[in-house]
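What follows is one structure encoded as C-alpha cells, with my remarks underneath.
The values are calculated or read from the model by the stated rules, or taken from the named source; none is laboratory data. Note that this is a predicted model, so its numbers are computed, not measured. Here the Cβ is made from the backbone with ideal geometry for all residues, glycine too, and neighbour counts use every protein chain on show. Heads up: the accessible areas ignore ligands, DNA and RNA and are worked out on the full protein's heavy atoms, side chains in. Shrake-Rupley method; radii C 1.70, N 1.55, O 1.52, S 1.80 Å.
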Amino acid sequence: RSSDLDLENEISILEGTSTTLQATIIPDNADNKNVYWSSSDASIVTVDNGVIKGITPGDAQIIAITDDGGYLANCNVHVNAIAGSGECGDNLNWYCTYSGELVITGTGDMWDYNDYDNEAPWNELNIKNILFPDEMTHIGDYAFTKLDVTNIDLPNSLESIGQSAFMDSKLATI
C-alpha cells in the first residue's frame, strides 16, 4: 500500500511539445503503483499516463492520484508560446519563445548568414537570451547581429565563430 506520492512541483514546456512527468510512489516496494492522471485545463495541457503535452499558451495543473491510498500530488505547468522555429544547420534547430529566449538544439555547425539577402531567421524577433547546445561547433557568419543580448555562455565544444557573428549587438560579456 502506498503512503505518499511525489511529483515535480513546477515545469515549463512549449506549445506543441511533450514531456513525461515521473510520479514517485512511496514506499518503493508498494504493491500497487497505479497512478491516475488529470489536467485542470485540457485546452492548455493534456496528460496521458504521465506524458504531458502543451496545447496552447497558459497555466494549468496536472494532478496525480495513487490508486490504493488516494494520495494526491500537483504539478503546475506553464505552456510557453513559440514565436518562431526552424533549422539553422544540417543538425541544428532553433525555436524562440515570445519571452525572448532563443534556444538552439542539436549538434555541429550553424549555417552562415549575411546581412543583405540571407539574414538569420531570428533577426526580427526580440531576443533577450540565447541558449546554445553543448555539441555546437560553429556559430555562423552574421548569426546574431544587432541583437539586444548582453551576455551569453558559449559551449566548450565551439571551435569557431563566423565573421561578424555578433556585429552591432549589445554583447558585453561572454
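Taken about its Cα centre, the chain carries a charge dipole of about 420 debye when Lys and Arg each add +1 at the Cβ and Asp and Glu each add -1 at the Cβ. For the chain, DSSP calls about 70 percent of its internal beta bridges antiparallel. Ordering HIS138, THR105, VAL77 by Cα displacement along the dipole of segment 77-161 toward the positive end leaves VAL77 in first place; charges were set at the Cβ atoms of Lys, Arg (+1) and Asp, Glu (-1). Among the chymotrypsin sites (Phe, Trp or Tyr not before Pro) in segment 112-160, those placed in a DSSP loop whose Cβ has at most 12 other Cβ atoms within 10 Å are TYR116. In this structure the amide hydrogen of CYS88, modeled in the peptide plane, comes within under 5 Å of the amide hydrogens of ASN93, TRP94, none closer than 5 places in sequence on its chain. To the nearest 20 Debye, how big is the dipole of segment 94-174 about its Cα centre, given +1 on the beta carbon of each Lys and Arg and -1 on that of each Asp and Glu? Using Cβ point charges on Lys, Arg, Asp and Glu, segment 94-174 gives about 300 debye. Think of a 1.4 Å ball rolled over the protein heavy atoms: segment 128-174 then has 56 Å² of accessible area per residue.
Computed with a 1.4 Å probe over protein heavy atoms only, the accessible surface of segment 29-126 comes to 52 Å² per residue. The portion of the accessible surface of segment 57-119 made up by carbon and sulfur, rounded to a whole percent, is 42 (1.4 Å probe; DNA, RNA and ligands excluded).
Once each of the GluC sites (Glu not before Pro) sitting in a DSSP loop with at most 13 other beta-carbon atoms within 10 Å is removed, the chain keeps 1-123 as its longest stretch.
Amide H contacts under 5 Å for LEU5: ILE26, restricted to partners 5 or more places along the chain or on a different chain, H placed in the peptide plane at 1.01 Å from N. Let me make sure I get this right: for segment 96-174, a, b and c are the square roots of the gyration tensor eigenvalues over alpha carbons, sorted descending. Under 1.5 in a/c it's rounded, otherwise prolate if a/b > b/c, else oblate. Which is it? The shape class here is rounded. Taking all protein chains together, LEU147, LEU171, LEU131, LEU72 sort by accessible area into LEU72, LEU131, LEU171, LEU147, largest first [probe 1.4 Å]. Springs join every pair of Cα atoms under 10 Å in this Gaussian network model of the chain, and among CYS88, CYS96, CYS75 the largest mean-square fluctuation is at CYS75.
For segment 39-118, relative contact order (Cα pairs under 8 Å, six or more residues apart, normalised by length) works out to 18 percent.
Here the spin labels are modelled as points 7 Å beyond Cα on the Cα-Cβ line, and at GLU119 and THR20 they lie 4.2 nm apart. Normalised by the number of residues in the chain, the average gap of Cα pairs under 8 Å and 6 or more apart makes the relative contact order 15 percent. When only alpha carbons are used to place a centre, segment 37-61 and segment 115-174 end up 34 Å from one another. By the equivalent-ellipsoid construction on the alpha carbon gyration tensor, the chain comes out with semi-axes of 41, 17, 13 Å, ordered largest to smallest.
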